[in-house]
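The structure appears right after this line, and notes come after that.
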Amino acid sequence: MADVKVVWTGLECRVRQEKKDDIFGSVQLIAGMTPQPAVKFPDAGTLTFGPPELRIFSAQRLLYSGPAQDLSVSLALVQHDSGDIEQGKQAVAQAISTAATAAVAAATSPAGAALAKPFIDFLVVGLVDIASDLLGLADDPFNPAAVFIPKDKLLDANSRRQIRQRPNDPHTLQFTDMVICSGTDGDGDLGVYALYLDVQPSGAPGGGGVTPAGDGIGTPTLSTGSQEWRWRSSSAS
């Protein structure tokens with residue numbers, strides 16, 4: 001059976017909710033019927049998107065490596081304003097893991113795309129509970145989002161690979177799939193974020209031979225904990 005790697009390459013702020021967004025959250029992947037460990041981010045504090053040119057966080061984290069099988073990937077984000085950040089991150093990571101386990105338990109076999117909706121439904125309930133009990137009064141969870149990637153789409157990833165580049169900026173992110181997450185705060189301000197995934201089938205090291213444009217700071221080392229900011233020159237939105 002062919003193997004694949006799934007790398008979370010980065011998180012892009014497409015529309016800032018506030019003048020500066022302070023973001024934390026978790027990513028959860030389900031391989032077949034097996035939830036993988038939730039990845040909470042960042043390692044410390046929050047990701048601050050703003051001033052305007054700071055719009056992409058380059059994660060380069062390995063989410064999955066193994067046999068090609070149906071995958072579901074979910075994203076939970078929180079705009080932080082007050083309260084204990086680390087406690088909030090732990091609570092979101094626990095909520096997304098609990099939702100994944102509940103979705104698998106509720107799914108019929110074969111699960112496939114049927115996992116995505118219950119995954120989100122369970123996660124919405126978990127985030128509501130967190131917002132009520134653990135987060136600061138001004139913290140705003142985004143609407144959680146998920147993407148379902150079937151096995152055949154994993155194996156065809158090289159034909160779908162793209163490069164994400166913001167206007168007037170040479171820096172890039174490589175991806176094959178994405179999760180779009182949006183939400184509004186208490187004042188009705190909209191925020192939109194995109195999480196980028198790069199699926200790498202076996203025999204195609206480095207994402208099928210596509211080389212991102214140089215960013216002047218070297219190529220990030222792929223690991224489960226490496227993080228790197230990339231500065232963007234773009235119009236504020």
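Quick one: Kirkwood hydrodynamic radius for the range 3-200, alpha-carbon pairs, angstrom, one decimal? Could you put the intermediate results ahead of the total?
Numbers: mean 1/r = 0.0590 Å⁻¹.
Evaluated over the range 3-200, this radius sits at 17.0 Å.
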Legend entry - In range of the label at Asp187: residues from the range 18-43 whose backbone nitrogen is under 11 Å from the point 7 Å along Cα→Cβ: 18-20
Inset, instruction - Note down the magnitude of the dipole of the range 3-200 about its Cα centre, charges +1 on Lys and Arg C-beta and -1 on Asp and Glu C-beta and zero elsewhere, to the nearest 20 debye. - result: 760
Legend entry - Cross-link table Lys20/Lys117; Lys117/Lys151; Lys20/Lys40, entries beyond 27 Å C-alpha to C-alpha: Lys20/Lys117
Inset, instruction - Could you list Glu86, Glu18 in order of exposure, starting from the residue whose Cβ has the fewest other Cβ atoms within 10 Å? - result: Glu86, Glu18
Legend entry - Pair Asp152, Ala106: separation of 7 Å Cα→Cβ label points (nm): 2.8
Legend entry - Label point distance in nm, Val128-Asp84, each placed 7 Å from Cα along Cα→Cβ: 2.5
Inset, instruction - For Gln36, enumerate residues with amide H under 5 Å from its amide H, sequence gap 5+ or separate chain, H modeled in the peptide plane. - result: Leu29, Ile30, Ala31
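Determine, for Asp121, Asp140, the number of other Cβ atoms within 10 Å of each Cβ, and report the residues in order from fewest to most. Kindly include the intermediate steps, with their values, before the conclusion.
Numbers: Asp121 15, Asp140 22.
By the 10 Å Cβ count, ascending: Asp121, Asp140.
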Inset, instruction - Just rank Ser82, Ser72, Ser97, fewest to most, by other beta-carbon atoms within 10 angstrom. - result: Ser82, Ser97, Ser72
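For the range 3-200, calculate the relative contact order in percent as a whole number, restricting contacts to Cα pairs under 8 Å that are 6 or more residues apart.
Working: 460 pairs, mean separation 59.1, N = 198.
RCO, the range 3-200: 30 percent.
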Legend entry - Under the Karplus curve 6.51 cos²θ - 1.76 cosθ + 1.60, θ = phi - 60°, whole-Hz ³J(HN,Hα) for the range 94-104, x wherever Gly or Pro sits: 5, 5, 6, 5, 5, 5, 5, 5, 5, 5, 5
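We did not get these values from a lab; they are worked out from the coordinates using the rules stated. Keep in mind it's a predicted model, so treat the numbers as computed, not measured. As a convention, Cβ positions derive from the backbone with ideal geometry for all residues, glycine included, and neighbour counts pool all protein chains shown.
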